[in-house]
2 protein chains.
Amino acid sequence: MGGELPREEHDGHGTYDKYAHEPFAVTVDLAVLTLRGGTLHVLLVERGQEPYAGRWALPGGFLLPDESAEDAARRELAEETGLADVSGLRLEQLRTYSEPGRDPRMRVVSVAFTALLPDAPEAHGGGDAAQARWVPYDEARELAFDHDRILADARTRIGDRLENTCAATAFCPPEFTLGELQQVYEAVWGTPLDRPNFRRKVLAAPGFVAPVPGGARLTGGRGKPAALYRAGPAATLHPPLLRPQREGRTT
Amino acid sequence: MGGELPREEHDGHGTYDKYAHEPFAVTVDLAVLTLRGGTLHVLLVERGQEPYAGRWALPGGFLLPDESAEDAARRELAEETGLADVSGLRLEQLRTYSEPGRDPRMRVVSVAFTALLPDAPEAHGGGDAAQARWVPYDEARELAFDHDRILADARTRIGDRLENTCAATAFCPPEFTLGELQQVYEAVWGTPLDRPNFRRKVLAAPGFVAPVPGGARLTGGRGKPAALYRAGPAATLHPPLLRPQREGRTT
DNA sequence: CCTTTTATAGTCGACCTGACTATTAAAAGG
DNA sequence: CCTTTTAATAGTCAGGTCGACTATAAAAGG
């Protein structure tokens, strides 16, 4: 922005006037992911109107005049999930999608976000009439607009973030076992991991997880009770937790 | 986007009408980086108009009605640098900035991009009247709008990309020495690296660089002539080339 | 009690890393 | 022409990390 302004002045239009008749609608789209029963799920809403009536889509909506995209995303997330604690949630900007024609009605530029939730509240009809549902990632296909692509980008991004950041704990409840944390990695990456090695690396990364004081353990499960951990203070992972067998891809 | 549509219909406004009177201007901003004499430089333009008249800013401009943000960024890059080969350039979306009030005149949502260039053509007055200049990164302060932050975000992002991708070769001419490649890392990270170790890691990463056929070497320099390399086919770096002495930061 | 299940501890060789030394091949300067 | 300087490249070595694997502990189910 900014660099163009002289040209606007030269052609005799006020800045606002020139672009007011070619407005862009700005929206946010949310890829809200969670883990249910060991598999990745995404929050989808069913569209009631054309275009794409009856199709599933990522939740989202228009920016209000006085809010940032982050604010709008948080507001929409609260509206669509019915969650109360949205304020403490980690929202990350994914990418902006601006191809002309991605919405058949008008020019829409959309800022996409990702959000990670611990296993989420079952019922959410969304504040807006639209029906909302958790759908297994693999069944979320043929979404409205370019949401297939956004969702795929979100998964790729999350997978990368798990390598270098402590984002995985966002999928877990406040207290969790290392087994649960490993399930996060396995679900997002789609690869089984060796348990002792995973444990060693997680505990070796300073600030990733911290044991719950008192040596609390999760009982009631099948085998030996697991120690409970909380998310640590670190945001980034050193050394990184790299996925196995990735060789140099040309893409 | 999309999820909100029912509400629009309910309140009796057509979609387009409702938002036409609250339009958002959409722009692109470019953080174009290059290496000159071993230090990082950024392309800036001088503003001629208020607000921020006389201040330096990142190049950029408004989206035209029928182009994507990527198209607009590429067009602006060509206009402002006068480069001919913009088609082969790697443009990467950085982030979108949408805080209300970031432009005092109107509501502007800006999609920021990064671009990396080999040591660039000296003269570029930009297609638009504005003056354009390469400025050392450390001297690019107090830019217009929120461009200080965008530039800082860009440097952080590029630094991270150097660890995991082959992006560093984008700073180099088609044929380069490992010494030049090391200078890229040192300039972006702001850390000196051990030459033999750097060399070992770069050559160990499959597809990062490929020797120029015929064993061509760069003569005319000070010491022993260096072998020439080209960018290899890989896009990602395995194993990654991590910066030294980073400990778990809480931020 | 014995099997199953899951968590946790430990082992081992291959490989990678950082720090460092040594050698080579050019240019620069008398 | 020979010495010095500079930079590229080769090689070394101890410590750390990795993946693969084995062993033990502690619960539930029959």
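Bear in mind these aren't lab numbers, they're just calculated from the coordinates by the rules spelled out. Values in this document were obtained by computation on a predicted structure and should not be read as measured data. Methodologically, a virtual Cβ is constructed for each residue, glycine included, from the backbone with ideal geometry; neighbour enumeration extends over all protein chains shown.
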Inter-centroid distance (Cα atoms) of the range B:77-114 relative to the range A:34-113, Å: 23 Å
For A:R199, label point 7 Å along C-beta direction: distances to other copies, nm: 4.4
Label spacing, shortest first and in nm, from B:T156 to its equivalents in the remaining copies (7 angstrom along Cα→Cβ): 2.3
Residue exposure sequence - A:S98, A:S68 - by fewest surrounding Cβ within 10 Å: A:S68, A:S98
Distances in nm from B:G54 to the matching label points in the other copies, shortest first (labels 7 Å along Cα to Cβ): 6.4
Chain A residue with Cβ closest to the axis mapping A onto B, distance in whole Å: A:P23, 1
Inter-probe distance in nm under a simple model that places probes 7 Å from Cα toward Cβ, at B:M106 and A:R222: 6.2 nm
Within the range B:199-232, trypsin sites (Lys or Arg not before Pro) in DSSP loop having at most 10 other beta-carbon neighbours inside 10 Å: B:R222
FRET E, pair B:A210, A:R90, Förster distance 41 Å, beta-carbon r, rounded to 0.05: 0.55
Computed over the range B:165-247: relative contact order in percent, which uses C-alpha pairs under 8 Å that are six or more apart: 36 percent
Relative contact order (percent, whole number), the range B:148-201, Cα cutoff 8 Å, 6+ residue spacing: 29 percent
Mean Cβ count within 10 Å, highest first, over the residues of peptides B:70-80, A:141-151: B:70-80, A:141-151
The range B:151-181-the range B:186-251 distance, computed between alpha-carbon centres (Å): 10 Å
The range A:190-232: relative contact order as a whole-number percent, Cα under 8 Å and 6+ apart: 35 percent
A:V32 long-range amide H proximity, modeled H, under 5 Å: A:L43, A:A115
